[in-house]
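Asker: Submitted below is the structure of interest, expressed as structure tokens.
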């Protein structure tokens, strides 16, 4: 994959002009205080009227991988924090034209709508399959621990 | 076709009348029936005549339907219209167009007919090209004019001046429709629309000439001859037309591209001039802003120069200035958007040296936007917009300018001015104002504050520590005066700047001025009760963000921690306070030991408060334990720990009582709080990372549980407290996955230590793991703990052989029950159990394979009564490879990979291992081949392929015959066109598959591709993403 810095610069501008409410996406700073456009610090709010409402989750985007920091309790998030989502997978639906906005909205959708066909961590997956009330309790705990900024 | 109607034309007229009759408006069934019938007629043999007739109809509705009928008929007759028909229909359409315009038809009908004309134009048989010219000529002539005749009269100098306002408006409707349709054509397959697109783009120059002709007309006639409504309609159409033709002008196959582009840019100059025309100004601003965002090449130096004049001194400037004074409605935002679009277009170029006076004025206007009254985002949308520009500048300076660039100082001054302008916008609303805000408004305002801080961080490398000093002065003054809103805003900015200044200490002097002040000392002493919650929340958050500063200035810590403890009592501050307490305790633990008695007293107060929850209390305890760990002697540590832990035994007894009273939810949540607090103490007591014991070290005789201060000395009471709490909350207590998590954390806390409070007897882990029944939620965490336990003793595994055997036997028995009784099968236990074996195999294989006796305590009818215990996990892992659950299949694959890779420490050991593996290879090969031959899910191919690849590469001699046999046994068929069964795989396919894998020599990517291709062939090519 060739990273096109110009495109990422344009992404940055587009994001500034128009981004979904409550989301954050900004390139990380290098020790010299310049921007590293390949690594973005992002924040995804839990969708309204879902279990995840009221939280803001931090995500590191190193194109095209998204990684929750710290790792998130979710069936489709690997123990390392990496998100298992088809649009982030170069062998599946990822295309260079996919924007940060699409990625973050895709992950937000995934939060409340896990894909049981692609389990990535046993902890959340098993609870999701086996004991939904306990799963929901854990999610509520995650929400409490990740209040908005 | 028009079945059931003797006179379809009259019927169509009647249907349209009925369709719009007020009597039918509340009868959707009738409306539906009419529409269905009308659509039938519009597609029928008489559609052309119906369209013609309706266009001469008595009402605008009839004529609208006439135009629509033309469009429908053209669309449904795409194969029936030849060139002659096309020309004939074109003549009709143009004739009608000219007529209805002459008659002063309503815009709705004129637009619809313009759209019908474009539909015909894009038809492949339509021969005309310069249709705009032709329609203009026809309008001027008052009847149809052929394309050839039209082109004998010059379009811009002779035709356009003859058009009256109505004709010009109609021509613009048509022009916009044609341009927008042309843009859509660009997105369609060239083989389908190539000819139409080619003809359409020849109209670009004419479309722009029309724009260029109309613009001065409407500018000159402003407020005079033209009615305001007509003026705005013309203005809107001409600007839409410019936008649309600009898009077409960027088409690479456009003839005379440069000339047309020049024309488009020149139209832009005229549009910029219309910003001065009051009735068109807002429209022009909105159009220009959109074009700045999408077609930046539409502007040249002249455009920018002209726009600078307008922005610096015109009604546009007046609008923005009024907005900043609070006198304008939000519609004036259009002008702010244009201002920002202009500045963003120029970026750093706006700071040219010398700076043109216009740009200086524009920048001044931009700075004044921060003076707009009201809260940013909520009442003032302009501030966030202009801040975007300053953020871009701050980010761009470092990348694009050298420090010695003459513009550096100038830009620095502007960036500093922004900081000063922004400060008032960051003031958090007082509770009265906040009460009126919705949750969304609060979030939006908070998001703005963070955007503003993002700007501060971008500006810091340019402004340096002066930036912090601005906020420091503000914070000190406001603190002194008790202005908490000002203090909160200043501290908020200082907190966000910690990222840039905490570690390097650059701003220490500024921070000293705040935290060393008398006013702050009074705050620490707890005398200040008037501090509002928001200011308190921001302050405690700031403490946590300056851990390095407080490490360097540890004399301030007691006071700071006092504020933190005090803040734990307030719900809105407790989270931030506990987080900051933990951060500071960790970074400054060495100097805080003398404060422990005070902290313990504070803890005693805090733990009875409603804010002591599972989100706050574990953090506080971890912080305290981190400090305890720094006490010089174990004796000192144990005193503190006993005091804390004895409390949890009481609490656990109480939770047990709650469970006994059937208050299960309360009991579990109570139990979870206790266990998570104890686990946090374990985390805090953990030694520094560089002192962690090496679990891979080869110390053969190490005692896994040597007598120590903590298990047999004075510390044993504290350890007993933990074990007692665990016992109370695990044995005969409701099973809860959160509690299991925390209990496992307690056990794991000591696994990386050689001795300490949390280093428990190995039997404790084993008993804990064995105490849970098959199928409970949390099995994966329990088994993960078992794996961690074995890993922590791997270097001296002989010393815990009995415990290892007990765990192996326990899990194998679970496996045997699931194999014997499929109803008991639990995917979580299957996955977690196999994962446990995959992890233990490399280190504990000698323990595992020494279990040659059958498992004890099996069900009497078990099929594994005479099976050696070691092979039960292998049977189970084989079965797991056929399971549909991805995690189980993945861990089973990992187990087989571990087994195939396993090498003994001696030749005898390796031979013995091979013997075990070889006895499983035939069934393993058969399972793998069946799965990769299209049975498994695509997503499982990677893990199954990994096993097959290694099997072939590492165990070729033994595996090859089994794999060949498994392939031979494959009997996959499909049906051909005549429904005969035909085999999917030939013998050649099968042998080529194995041969390719052999040639790949274990290369991962190559093998994966071979296996994937084989799976696709077996499954059918419709599963190929590339198809």
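Asker: Hey, fewest Cβ within 10 Å first, where do B:647, B:599 land in order?
Answerer: Ordered by Cβ neighbours within 10 Å, fewest first: B:647, B:599.
Asker: How long is region B:484-593 along each principal axis, judged by its Cα atoms, biggest number first, in Å?
Answerer: So the extents along the principal axes, rounded to whole Å, are 33, 31, 25.
Asker: What is the distance in Å between the Cα centroid of region B:964-1001 and that of region B:314-334?
Answerer: 76 Å
Asker: Suppose the Debye formula is applied to equal point scatterers at every Cα of region B:242-377; what is log10 I(q)/I(0) at q = 0.10, 0.14, 0.19 Å⁻¹?
Answerer: Treating every Cα as an identical point scatterer, log10 I(q)/I(0) equals -0.34, -0.64, -1.08.
Asker: If you build a Gaussian network model of chain A, linking Cα atoms that sit under 10 Å apart, which residue out of A:110, A:35, A:85 swings the most?
Answerer: Maximum fluctuation in the GNM of chain A, among the listed residues, is at A:35.
Asker: If you take the C-alpha gyration tensor of region B:259-312, multiply each eigenvalue by 5 and take the square root, what semi-axes do you get, largest first, in whole Å?
Answerer: Three semi-axes, in Å: 17, 12, 11.
Asker: For region B:324-441, what mean projected area does the convex hull of the alpha carbons give, in nm²?
Answerer: 8.3 nm²
Asker: For chain B, what relative contact order do you get, as a whole percent, if you take Cα pairs closer than 8 Å and at least 6 residues apart?
Answerer: Value for chain B: 4 percent.
Asker: Something else: Running Debye on the protein assembly as shown with equal point scatterers at the Cα sites and no solvent, what base-10 log of I(q)/I(0) appears at q = 0.05, 0.08 Å⁻¹?
Answerer: For the protein assembly as shown at q = 0.05, 0.08 Å⁻¹, log10 I(q)/I(0) is -0.53, -1.09.
Asker: So for the protein assembly as shown: antiparallel DSSP bridges make up what percent, rounded to the nearest 5?
Answerer: So the antiparallel bridges amount to about 95 percent of the total.
Asker: For region B:530-622, rounded, prolate or oblate, judged on the Cα gyration tensor with a ≥ b ≥ c (square roots of eigenvalues), a/c < 1.5 rounded, else prolate if a/b > b/c?
Answerer: It comes out oblate by the Cα gyration axes.
Asker: Rg and Dmax in Å for region B:906-1027, alpha carbons only: what are they?
Answerer: Cα-based Rg and Dmax for region B:906-1027 come out at 15.6, 61 Å.
Asker: Let me ask something additional. For a Förster distance of 22 Å, can you work out the FRET efficiency between the beta-carbons of residue B:969 and residue B:938, rounded to the nearest 0.05?
Answerer: Efficiency, from the Cβ-Cβ distance: 0.45.
Asker: Convert 4 °C to kelvin, take the viscosity as 1.567 mPa s, use the Kirkwood radius over C-alpha pairs of region B:153-273 as Rh, and evaluate the Stokes-Einstein diffusion coefficient in µm²/s, rounded to a whole number.
Answerer: In µm²/s, the coefficient is 88.
Asker: Rank these for me by crowding, B:723, B:764, going from fewest to most other beta carbons within 10 Å.
Answerer: Least crowded to most crowded, the residues run B:723, B:764.
Asker: Remind me, what semi-axes does region A:40-142 give for its equivalent ellipsoid, largest first in whole Å, using sqrt of 5 times each Cα gyration tensor eigenvalue?
Answerer: Taking √(5λ) for each eigenvalue gives 22, 15, 12 Å, largest first.
Asker: Can you give me the P(r) profile for region B:416-506? Cα pairs, bins 10 angstrom wide beginning at 0, each as a whole percent.
Answerer: 16, 47, 29, 7, 0
Asker: Averaging the inverse of every distinct alpha carbon separation and then flipping it gives the Kirkwood radius. What is it for region B:716-763, in angstrom units?
Answerer: For region B:716-763, the Kirkwood estimate is 11.4 Å.
Asker: Hey, fewest Cβ within 10 Å first, where do B:751, B:20 land in order?
Answerer: B:20, B:751
Asker: How large is the Rg to Rh ratio of region B:1-156 when both quantities use alpha carbon positions and Rh follows Kirkwood?
Answerer: A ratio of 1.01.
Asker: Label points 7 Å out from Cα along the Cβ direction at residue B:436 and residue B:229: separation in nm?
Answerer: 3.7 nm
Asker: With contacts defined as alpha carbon pairs under 8 Å and 6 or more residues apart, what's the relative contact order of region B:935-1027 in percent?
Answerer: Computed value for region B:935-1027: 32 percent relative contact order.
Asker: Also: Taking N as the number of residues in region B:799-888, what is its alpha-carbon radius of gyration divided by 2.2 N^0.38 Å?
Answerer: Taking N as the residue count of region B:799-888, the ratio is 1.03.
Asker: Right, next: Between region B:63-136 and region B:235-301, what is the C-alpha centre distance in whole Å?
Answerer: Centre-to-centre distance over Cα atoms comes out at 27 Å.
Asker: Over what distance in Å are the Cα centres of region B:634-684 and region B:863-896 separated?
Answerer: One Cα centre to the other: 39 Å.
Asker: Against the longest alpha carbon principal axis of chain B, how many degrees, from 0 to 90 and to the nearest 10, is the axis of helix B:871-880 turned?
Answerer: So the inclination is approximately 10 degrees.
Asker: Let me ask something else about it. Name the residue, out of A:75, A:45, A:20, whose mean-square fluctuation peaks in a Gaussian network model built on chain A with Cα pairs under 10 Å.
Answerer: Comparing A:75, A:45, A:20 in the GNM, the peak value goes to A:20.
Asker: To the nearest 10 degrees, how steep is helix B:466-481 against the longest Cα principal axis of chain B, on a 0 to 90 scale?
Answerer: Its long axis makes an angle of about 80 degrees.
Asker: Just need the relative contact order of chain A here, percent rounded to a whole number, with Cα pairs under 8 Å and 6+ apart.
Answerer: 22 percent
Asker: Kindly provide the Kirkwood hydrodynamic radius of region B:482-533 in Å, to one decimal, from all pairs of distinct alpha carbon atoms.
Answerer: This gives a value of 12.1 Å.
Asker: Using the alpha carbon gyration tensor of chain B, what are the three equivalent-ellipsoid semi-axes (square root of 5 times each eigenvalue), largest first, in whole Å?
Answerer: Taking √(5λ) for each Cα gyration eigenvalue gives 71, 50, 27 Å.
Asker: How far, in degrees from 0 to 90, does helix B:8-19 lean away from the longest principal axis of the Cα atoms of chain B, to the nearest 10?
Answerer: 60 degrees
Since every read-out is calculated from the coordinates, none of them should be taken as a lab result. Everything quoted here is computed from the prediction, not taken from an experiment. Please note: Cβ atoms are built from the backbone with ideal geometry, for glycine as well, and neighbour counts cover all protein chains shown.
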